[in-house]
Amino acid sequence: MADNTCKACRDNYKVTETQMQRILQTSAFALERRVDMQQYQERLHLCSTCPKLSDGVTCTACGCIIPVVAWLKERACPLPGGGRWGKLADQEPASVATAAE
């Protein structure tokens, strides 16, 4: 019988740092499509506190590789109500640091 779980959910599959860096070098992740480093770090922090994060890499709510998709401006947390990143979208970049303190 075929295994119908997503690849990232299987115990024998782990996305490597090299694979993530290769993805980030594609045109889909051009600098103009990325958030700044401060917002990226805040997104990673918010995800690190989420029970849906598996192995510090995969969001089990949507299947995304968080260290990769957290860079994209057009992406949002898949959780209801704007998710964990929703608060960041409403803030000015300077106030993100204040909210994290």
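None of the figures in this text is laboratory data; all of them are computed from the coordinates on show. Model, not experiment: these values are computed from the prediction. Neighbour counts are summed over all protein chains in view; Cβ atoms, including those assigned to glycine, are modelled from backbone coordinates with ideal geometry.
Exposure proxy check: S54, S27, S48 ranked by fewest other beta carbons within 10 Å?
In order of increasing Cβ crowding within 10 Å: S27, S48, S54.
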Computed FRET value (nearest 0.05) for S54 with R34, which takes r as the C-beta separation and R₀ as 22 Å: 0.40
Listed with the fewest Cβ neighbours within 10 Å leading, I66, I23 appear as I23, I66
